[in-house]
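Trainee: Here you go, one structure.
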Amino acid sequence: MDVISSQIEIENFVSTKCKKVAVSKSGWDSLYIEKENGCYWIKSYPDGALHGGGQPVLSKIDKTVVKEQFDV
């Protein structure tokens, strides 16, 4: 599972298996680390033009992207 698009599944996953690490400068993207295996996940709003940012998506990302987007 590299992408989670159900809001309920996202909230369950991040609240039980992850720790929030950082938030983007814009405030729209949140970086999480999976407690069990150290994998990074980003919660983003790809349809940001919609009211309220649209439906969130949680995607597994590479450590290179973490460094580029969050400077962590």
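The values are calculated or read from the model by the stated rules, or taken from the named source; none is laboratory data. This is a predicted model, so every value here is computed, not measured. Using ideal geometry, Cβ is built from the backbone for each residue, glycine included, and neighbour counts are taken over all protein chains shown. The area values use the complete protein model at the heavy-atom level, side chains included, leaving out ligands, DNA and RNA. Shrake-Rupley method; radii C 1.70, N 1.55, O 1.52, S 1.80 Å.
Trainee: Would you pull out the residues with amide H under 5 Å of Val23's amide H, same chain only if 5 or more places away, H placed 1.01 Å from N?
Mentor: Residues meeting the amide H criterion: Leu31.
Trainee: Next question, about the same structure. Over region 1-65, average the accessible area per residue using a 1.4 Å probe and give it in Å², no decimals. Mind showing how you got there, number by number?
Mentor: Details: 4230 Å² over 65 residues.
For region 1-65, the solvent-accessible area averages 65 Å² per residue.
Trainee: Please list, in chain and number order, the residues 5+ apart from Cys18 or on another chain whose amide H is under 5 Å from its amide H, with Hs placed from the backbone.
Mentor: Correct list: Lys35.
Trainee: Let me ask something additional. Using protein chains only and a probe of 1.4 angstrom, how many square angstrom of Asp62 are accessible, to the nearest 10?
Mentor: Surface open to solvent at Asp62 totals about 90 Å².
Trainee: Please state the charge dipole magnitude for the chain, taken about the Cα centre, from unit charges on C-beta atoms (+1 on K and R, -1 on D and E), reported in debye and rounded to the nearest 20.
Mentor: Values: 9 positive and 10 negative charges, 50 e Å.
Computed charge dipole of the chain: roughly 240 debye.
Trainee: Hey, another quick one. Taking all protein chains in place and a 1.4 Å probe, what share, in percent, of the accessible surface of the chain do carbon and sulfur account for?
Mentor: On the way: 2380 of 4810 Å².
The C+S portion of the solvent-accessible surface of the chain is 50 percent.
Trainee: Still on this structure: Just checking my list (i) 11.8, 38; (ii) 11.6, 35; (iii) 10.9, 31 against Rg and Dmax of the Cα atoms in Å computed from this structure; which label fits?
Mentor: Among (i) 11.8, 38; (ii) 11.6, 35; (iii) 10.9, 31, the one calculated here is (ii).
Trainee: For the chain, run through the GluC sites (Glu not before Pro) and keep only the ones in DSSP coil with at most 11 other Cβ atoms within 10 Å of their Cβ.
Mentor: Numbers: sites: Glu9, Glu11, Glu34, Glu36, Glu68; in loops: Glu36.
Sparse-neighbourhood loop GluC sites (Glu not before Pro): Glu36.
Trainee: With θ set to phi - 60°, apply the Karplus curve 6.51 cos²θ - 1.76 cosθ + 1.60 along region 5-11 and write out the HN-Hα couplings as whole Hz, x wherever there is a Gly or Pro.
Mentor: 10, 7, 4, 5, 5, 4, 4
Trainee: Taking the Cβ of Glu34 as the centre, find all other residues whose Cβ is under 10 Å away and add up their charges (Lys, Arg: +1; Asp, Glu: -1).
Mentor: Once all neighbours under 10 Å are counted, the net charge is +3.
Trainee: So, one more: Express in nm, to one decimal, how much length is gained between Asn37 and Ser15 on full extension, taking 0.36 nm for each residue of separation and deducting their alpha carbon distance. Intermediate values should be presented prior to the final figure.
Mentor: Working: separation 22, 0.36 × 22 = 7.92 nm, distance 1.55 nm.
Gain on extension, Asn37 to Ser15, equals 6.4 nm.
Trainee: 5 Å is the cut-off here: which amide hydrogens, built 1.01 Å from N in the peptide plane, fall below it relative to Ile61, excluding neighbours closer than 5 in sequence?
Mentor: Placed amide hydrogens put Tyr40, Trp41, Ile42 under 5 Å from Ile61.
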